[in-house]
Amino acid sequence: AFHQAQIVYMIWNAINDPLFGYIQDNSRVQCCARRRYSILYGAPFYALAFLLPWFPWKQYQEGDWLSGLHLIVALCAFDGMLTFVLLAQCALFAEISTKHENRLQLIRYNQVASLIGSTSILFCGLLSNNMENFIAFQTFTVLLAVLATACMSYTGVFSTSQYDQRDKLSEIGILECEAAPSRSSVFSLTKQILTQKNFVLFVIMNFFQVFHLTFYSNFMLIFADNLIPKEALPSFVRSIMYGAGFICPQFLVLISHTLLKKAGYYRVILYTFYLEGVAAAVMFLLGPEHYYLMAVFLTANMVIVNASFSLFNLPLADIIDA
């Protein structure tokens, strides 16, 4: 059932991204037509999709078909709501302001929130005794879902994009309402976007960066277990390695705020790519027998990849403006 669920999930994951993107860009329904409303109305469903895997529909036995169905529904529901809300959030980042300073400030707020949110993993482990107490774990997930819904609802109610301000001016007659784009103009605009060199290069770079990030996030511990013997590196050090990969990137982005203002995100991201390449070459020449250096390399690489990827909203917003 697990393999069938993964196949269904991969198909749905390939479909829902362009589907929800098209709906949010072309729908006239309020919950889809405005980014903040997509976040506002999508928040409770997103929270429910997050809770879905943690509450079994019954006491499952080995090979129970219902557990496979539960997994399929949980994966597809969560990925669908993640796509719906995250698309709106990414677009809202570009639409709130066109000023570079304001966008840097948004990145800073985002990293502070991510840093606070990442501590939930620690509290969850402490309260549930690393999921040994499953009822405590379920209670914690419900509280987390309620808190997340409240935060997303706050964004949906109080955030204001340029388009919201334009609509208000149109209502009082200061600006004329723009006509809805025709289908031919939509196709023409799509063609212009797909033939734009900067857009194509960004998509290619983004693909490899997402692949790199996902690969590291899911398999770093497996790499560490296979490359570093357990007697060479204590278990608590391995835990620190994995925790640092999710907490240190936020610190790195926050302390590099001044550097981003002076050098610009383009040079910062470019130099992180150079640093990753040089570090990989040095580690390859040193060999895998230097276990502590291998641990530092794996951790530092994961931190750099996560930190640089958190800046990708800035070039994406600039491409949208262009």
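The values are calculated or read from the model by the stated rules, or taken from the named source; none is laboratory data. This is a predicted model, so every value here is computed, not measured. Quick reminder, even Gly has a Cβ in these numbers, built from the backbone with ideal geometry, and neighbours come from all protein chains shown. SASA here: full protein model, heavy atoms, side chains in, ligands and nucleic acids out. Shrake-Rupley method; radii C 1.70, N 1.55, O 1.52, S 1.80 Å.
Tell me which residues, restricted to segment 253-277, are β-branched (V, I, T) and open to solvent by 90 Å² or more (accessible area, probe 1.4 Å).
Correct list: I255 only.
Restricting to segment 44-68, and then to whatever is at pLDDT below 90 and hydrophobic (A, V, I, L, M, F, W, C), can you tell me which residue is farthest from C151 (Cα to Cα)?
W65
State all residues of segment 276-310 that are among the β-branched types (V, I, T) and over 13 Å from Q209 (Cβ atoms); if no residue qualifies, say none. If you could, list the steps in order and put the result at the bottom.
Step one: filter segment 276-310 for residues among the β-branched types (V, I, T), giving 278, 282, 296, 299, 303-305.
Scanning segment 276-310 gives V278, V282, V296, T299, V303.
Of the residues that sit in segment 74-130 and are without any contact (Cβ under 8 Å) to a residue 40 or more places away in the chain and outside any helix (DSSP H, G or I), which one is least open to solvent (accessible area, probe 1.4 Å)?
Only one residue tops the list, namely S128.
So for segment 45-66 (the condition being in contact with a Phe, Trp or Tyr (Cβ under 6 Å, 6 or more places away or on another chain), part of a helix (DSSP H, G or I) and not aliphatic (A, V, I, L, M)), does at least one residue qualify?
No, segment 45-66 contains no residue that is in contact with a Phe, Trp or Tyr (Cβ under 6 Å, 6 or more places away or on another chain), part of a helix (DSSP H, G or I) and not aliphatic (A, V, I, L, M).
Restricting attention to segment 131-154, and to residues there that are of a type in the set (S, T, N, Q) and open to solvent by 50 Å² or more (accessible area, probe 1.4 Å), which single residue is nearest to L311 (Cα to Cα)?
Filtering segment 131-154 for residues of a type in the set (S, T, N, Q) gives 133, 138-139, 141, 149, 153.
Of the ones still in play, those that are also open to solvent by 50 Å² or more (accessible area, probe 1.4 Å) are 133, 139.
Details: N133: 38, T139: 34 Å.
Among residues in segment 131-154 that are of a type in the set (S, T, N, Q) and open to solvent by 50 Å² or more (accessible area, probe 1.4 Å), the one nearest to L311 (Cα to Cα) is T139.
Restricting attention to segment 220-241, report how many residues are closer than 16 Å to N301 by Cα and exposed (fewer than 10 other Cβ atoms within 10 Å of the Cβ).
1
Please list, ordered by first then second residue, the pairs with beta carbon atoms under 8 Å, 6 or more apart or interchain, first in segment 255-276 and more than 14 Å from F309 (Cβ to Cβ), second part of a loop (DSSP other than H, G, I, E, B) and open to solvent by less than 30 Å² (accessible area, probe 1.4 Å).
Matching pairs, first to second residue: L260/L311.
When Q250 is evaluated against the numbered criteria (1) open to solvent by 40 Å² or more (accessible area, probe 1.4 Å); (2) touching a helix residue (DSSP H, G or I) at 6+ places or on another chain (Cβ under 8 Å); (3) among the polar types (S, T, N, Q), which criterion, by number, is the only one it fails?
The one condition Q250 does not meet is (1).
Which ones in segment 25-40 are surrounded by 19 or more Cβ atoms within 10 Å (Cβ to Cβ) and part of a helix (DSSP H, G or I)?
Result: C32, R35, R36, S38, I39, L40.
Return only the number of the condition from (1) out of contact with any Gly (no Cβ under 7 Å at 6 or more places or on another chain); (2) modelled with pLDDT of 85 or more; (3) closer than 23 Å to T141 by Cα that L40 does not satisfy.
For L40, the failing item is (1).
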